[in-house]
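**Student:** There's a structure below that I have some questions on.
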Amino acid sequence: MPVTVRADLASLPDYIAGRKVPGAVILSSNELSGPPPEAILAAVAEAAADVNRYPAMGADDLLDKTAEHFGLDRPRLAVGCGSVSLCQQLVQATCEPGDEVIFGWRSFEAYPIVTQIAMATGVRVPLTPAQGLDLEGMLAAVTDRTRLLFVSNPNNPTGTALRTAELTAFLDRVPENVLVVLDEAYREFVTDEDVPDGFTFLDRQNVAVLRTFSKAYALAGIRLGFLAASLDVAAGVRKVGIPFSVNRIAQAAGIAAMAATPELLARCAEVTAERTRVHDALLEMGYDVPASQANFVWLPLGEKTAEFNEHCLDQRVVIRAFAGEGVRATVGLPAENDAFLAAAKSFQH
Ligand code: PMP
């Protein structure tokens, strides 16, 4: 008998990364366009000199700086190899096989994947007609087996965001044994003051907040994210993590990125100004585009999705297509956005 892998892995969807098209405009993975700040590159080079040595096991300096920078309690933090890794660790730390994890759909594509890998059961709650998370629907989906709820705010890929009153009312109603994970990968691009900062909910023991260094902090290639949660949840997440998965270079880069915050936030402000320009231009062209609080826009094109995507590729613009549903385009530098808008304009929709 040959070695076999788990039969259920055959149905596990692949995580789809952006297509690599040399020389094209890349607007497929919600990264920050333009080169990373010099100080980050210098810190990476310095850390690289010691790559024959293991990194600090507890990522001590990185955790100290993260706690200080964000005003958080250090023992309640965990760092991971990208926040996607922390998503998986959260499911592993809270769910027994067959326990349920609820998320909106469509939302971040890794939620069902990490759920299944951890042998839990994913429960998808369709978005509202306005492409937002359906909090009522998510509450209605809670059962005795529910252990965790992922709330992407703003939601990837639709860019829609939940406001303070609705999120607070929702948290008030979630059973206290169900962990609500506020995934704020795009927090730095939020401009609506009524979209709450998840850290303000950390007085609730069943709330965890996820942040990443991949977007506003320009470190997508480094793989670094962090979690703030209750002491017990943070400890559980650290326990199931792979030792040393936040490597020496990532630790140094994260510290340098926090120190470069003014420069990075200025770039985020350029992105959000561009977001308004891209959104308005698309509306003018007759596209349906929900208001976005993230660094991307969503075009619910339905059956025209594949055709639109091919058209953009022909114009050497790489965006992200979700078959039969729509496309997501990252907001990049003005010239990149111009290339995308030109492609959208020349598409017959
Ligand atoms: N959460 C959301 C909502 C995301 O969109 C992403 C990246 N696409 C992540 C988490 C993961 O980011 P990373 O693993 O790069 O930190």
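The values are calculated or read from the model by the stated rules, or taken from the named source; none is laboratory data. Source: prediction; values computed, not measured. All Cβ positions, even for glycine, are placed from backbone atoms using ideal geometry, and neighbour counts span all protein chains on display.
**Student:** Among the residues of region 322-333, which ones are out of contact with any Lys or Arg (no Cβ under 8 Å at 6 or more places or on another chain) and either among the acidic types (Asp, Glu) or surrounded by fewer than 22 Cβ atoms within 10 Å (Cβ to Cβ) (or both)?
**Tutor:** Answer for region 322-333, where residues must be out of contact with any Lys or Arg (no Cβ under 8 Å at 6 or more places or on another chain) and either among the acidic types (Asp, Glu) or surrounded by fewer than 22 Cβ atoms within 10 Å (Cβ to Cβ) (or both): ALA323, GLY324, LEU333.
**Student:** Filter region 198-225 for residues that are assigned to a loop (DSSP other than H, G, I, E, B) and within 16 Å of the ligand (Cβ to nearest atom) and give the result.
**Tutor:** If the condition is that a residue be assigned to a loop (DSSP other than H, G, I, E, B) and within 16 Å of the ligand (Cβ to nearest atom), then PHE213, SER214, LYS215, ALA216, TYR217, ALA218, LEU219, ALA220, GLY221, ILE222, ARG223, LEU224 are the ones that fit.
**Student:** For VAL91, all conditions in the list (1) touching a strand residue (DSSP E or B) at 6+ places or on another chain (Cβ under 7 Å); (2) modelled with pLDDT under 95 hold save one; what is the number of the exception?
**Tutor:** The number of the failed condition is (2).
**Student:** Can you name every residue in region 87-138 that is of a type in the set (A, V, I, L, M, F, W, C) and in a strand (DSSP E or B)?
**Tutor:** Across region 87-138, the qualifying residues are VAL101, ILE102, PHE103, TRP105, VAL123, VAL125.
**Student:** Any residue at all in region 55-68 that's assigned to a helix (DSSP H, G or I), within 15 Å of the ligand (Cβ to nearest atom) and surrounded by 11 or more Cβ atoms within 10 Å (Cβ to Cβ)?
**Tutor:** Pass one, region 55-68, residues assigned to a helix (DSSP H, G or I): 60-68.
Among the residues that remain, those that are also within 15 Å of the ligand (Cβ to nearest atom) are: 62, 66.
Then drop every residue that is not surrounded by 11 or more Cβ atoms within 10 Å (Cβ to Cβ), which leaves 62, 66.
Yes; the residues of region 55-68 include at least one that is assigned to a helix (DSSP H, G or I), within 15 Å of the ligand (Cβ to nearest atom) and surrounded by 11 or more Cβ atoms within 10 Å (Cβ to Cβ).
**Student:** Starting from residues that are closer than 19 Å to ASN156 by Cα and polar (S, T, N, Q), keep the ones in region 290-336 and report whichever is nearest to the chain's Cα centre (by Cα).
**Tutor:** Only one residue fits best here, namely ASN295.
**Student:** Can you name the residue in region 74-85 that is near the ligand (Cβ under 8 Å from one of its atoms) and either part of a helix (DSSP H, G or I) or of a type in the set (A, V, I, L, M) (or both) and is also farthest from the chain's Cα centre (by Cα) among such residues?
**Tutor:** If we take residues in region 74-85 being near the ligand (Cβ under 8 Å from one of its atoms) and either part of a helix (DSSP H, G or I) or of a type in the set (A, V, I, L, M) (or both), then SER85 is farthest from the chain's Cα centre (by Cα).
**Student:** Does region 139-181 hold any residues that are in a strand (DSSP E or B) and either charged (D, E, K, R) or away from the ligand (no atom under 12 Å from the Cβ) (or both), and which are they?
**Tutor:** Hits for region 139-181 are THR146, ARG147, LEU148, LEU149, LEU179, VAL180.
**Student:** Also, quick follow-up: Is region 228-248 home to any residue that is assigned to a helix (DSSP H, G or I), over 28 Å from PHE170 (Cβ atoms) and within 16 Å of the ligand (Cβ to nearest atom)?
**Tutor:** no
**Student:** Pull out all pairs, ordered by first then second residue, where Cβ-Cβ is under 8 Å, the residues are six or more apart or on different chains, the first lies in region 1-24 and is more than 30 Å from ASP314 (Cβ to Cβ), and the second is surrounded by 10 or more Cβ atoms within 10 Å (Cβ to Cβ) and of a type in the set (S, T, N, Q).
**Tutor:** Matching pairs, first to second residue: ASP8/GLN116; SER11/GLN116; LEU12/GLN116.
**Student:** Right, ALA266: in contact (Cβ under 8 Å) with a residue 60 or more places away in the chain and of a type in the set (A, V, I, L, M) or not?
**Tutor:** Against the criterion (in contact (Cβ under 8 Å) with a residue 60 or more places away in the chain and of a type in the set (A, V, I, L, M)), ALA266 does not qualify.
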